[in-house]
Structure formats: structure tokens, C-alpha cells
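Let me begin by presenting the structure, written as C-alpha cells, before commenting on it.
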Amino acid sequence: MPKRVARMAWRNFRTPAVRYPADPRAVFVLAACVVAGVPLVFAGATPGTVEDKLHPAMVFVWGFLLVAGSATTLVGTFKLNPDGIILEQVGSVSVGAACMIYAGAMIATAGISAAVPALIVGMFGVACFWRWGQLQGLLHRAEEAAIEARDGDE
């Protein structure tokens, strides 16, 4: 059973994405990530938070990845061309990395009591990396179609 589930998951990871219309859940969560990350980049950590227990450079990197990645993903989501797909991929990897950093920081600073929020944030990070794979499948399918069209014209 686990092998079958793993095979299904891998196939889904490489299944080309459907890009339009953009999923409103993703758009709103990404917009919230931009809003949440801006204070981290420009104001630093709030006392009593997980961020307060981290090195200031780590807080900045995390905030920057969150803001830049989310904004890049949003811009890419609404560009209806291959550049938009690539922008969405770059942003997704940045947001995924930011989520993994934060999930790890929650566990490292708050321990097991942070397991549920760390799981939620970490799974959003996994979803961002998953989206990268789906978009890679979409680019690959478009490339194959272009090659077939070119070969058909010859």
C-alpha cells in the first residue's frame, strides 16, 4: 500500500498544472504572506514571538523569502505566458524555503508544543514545492508540443 501511494504521489507531482483560473485560496494565502513578511523585513521581530528568538539575519532572510517569493508567485500566476510559469516556479520555491525555515524555527524554539502550527506551515511549504513540480510538468508538456509541431512542419 505505501508503495502504491508513493507512486500515485510522484505521478501527481509531475502531472502538468492547470493554471487558470488561479485558485483563490492560494491567491489569498500568498497575499497574506506578503503582508506578514513585510514587518519582518523592515521592522524585525516582535518581542515574545518565535522570530524574537532567532538571529536578526535569519528573521530578515525568512521575511525576505516570504515577501519576495509570495509577490513573485502572485505576479507569475497572473501572467498568461511561459515567463509567468517560470516566475511562479521561482516564487514557489522561495515561499517553500521560507515555510520550511519557519517550521523548523518553531520546533527549535518552542518544542513539541509548536508541532501543529509547524506542521501547517511546513505542509504549505511542501505544497509550494509540489506546485513547482506541477509547473515543471506543464513546461515540459509545452516543450514536447512545440517539438511535435516543429517536426510536423518539416
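The values are calculated or read from the model by the stated rules, or taken from the named source; none is laboratory data. Note that the structure is predicted; figures quoted are calculated from it, not measured. Note: ideal-geometry Cβ built from the backbone for every residue, glycine included; neighbour counts use all protein chains shown.
Kindly evaluate P117 against the criterion of being over 15 Å from G133 (Cα atoms), of a type outside the set (G, A, S) and surrounded by fewer than 14 Cβ atoms within 10 Å (Cβ to Cβ). Taking the combined requirement at face value, the residue does not satisfy it.
Within the stretch 87-104, does at least one residue satisfy the condition of being farther than 19 Å from V126 by Cβ, in contact with a Phe, Trp or Tyr (Cβ under 8 Å, 6 or more places away or on another chain) and either modelled with pLDDT under 90 or surrounded by 14 or more Cβ atoms within 10 Å (Cβ to Cβ) (or both)?
no
Scanning for something outside any helix (DSSP H, G or I) and over 20 Å from V35 (Cβ atoms), does the stretch 55-62 turn up at least one residue? Within the stretch 55-62, one or more residues are outside any helix (DSSP H, G or I) and over 20 Å from V35 (Cβ atoms). Is at least one residue of the stretch 50-59 touching a residue at least 40 places away in the same chain (Cβ under 8 Å), in contact with a Lys or Arg (Cβ under 9 Å, 6 or more places away or on another chain) and not small (G, A, S)? Checked against the condition, which is being touching a residue at least 40 places away in the same chain (Cβ under 8 Å), in contact with a Lys or Arg (Cβ under 9 Å, 6 or more places away or on another chain) and not small (G, A, S), the stretch 50-59 yields no hits at all. For the condition in a helix (DSSP H, G or I) and closer than 19 Å to A31 by Cα, R131 qualifies. Close contacts from the stretch 33-47, counting a first residue that is within 10 Å of V59 (Cα to Cα) and a second that is β-branched (V, I, T) and in a helix (DSSP H, G or I), with Cβ to Cβ under 6 Å and a gap of 6+ residues or different chains, come to G37/V67; L40/V59; V41/V67; A45/V59.
Can you name the residue in the stretch 64-84 that is under 17 Å from P24 (Cα atoms) and among the β-branched types (V, I, T) and, of all such residues, is surrounded by the fewest Cβ atoms within 10 Å (Cβ to Cβ)? Residue satisfying both the conditions and the ranking: V75. Within the stretch 65-99, being touching a residue at least 12 places away in the same chain (Cβ under 8 Å) and part of a loop (DSSP other than H, G, I, E, B) holds for one residue alone: L80. For the stretch 16-32, what are the residues that are modelled with pLDDT under 70 and not hydrophobic (A, V, I, L, M, F, W, C)? Residues satisfying the conditions are P16, R19, Y20.
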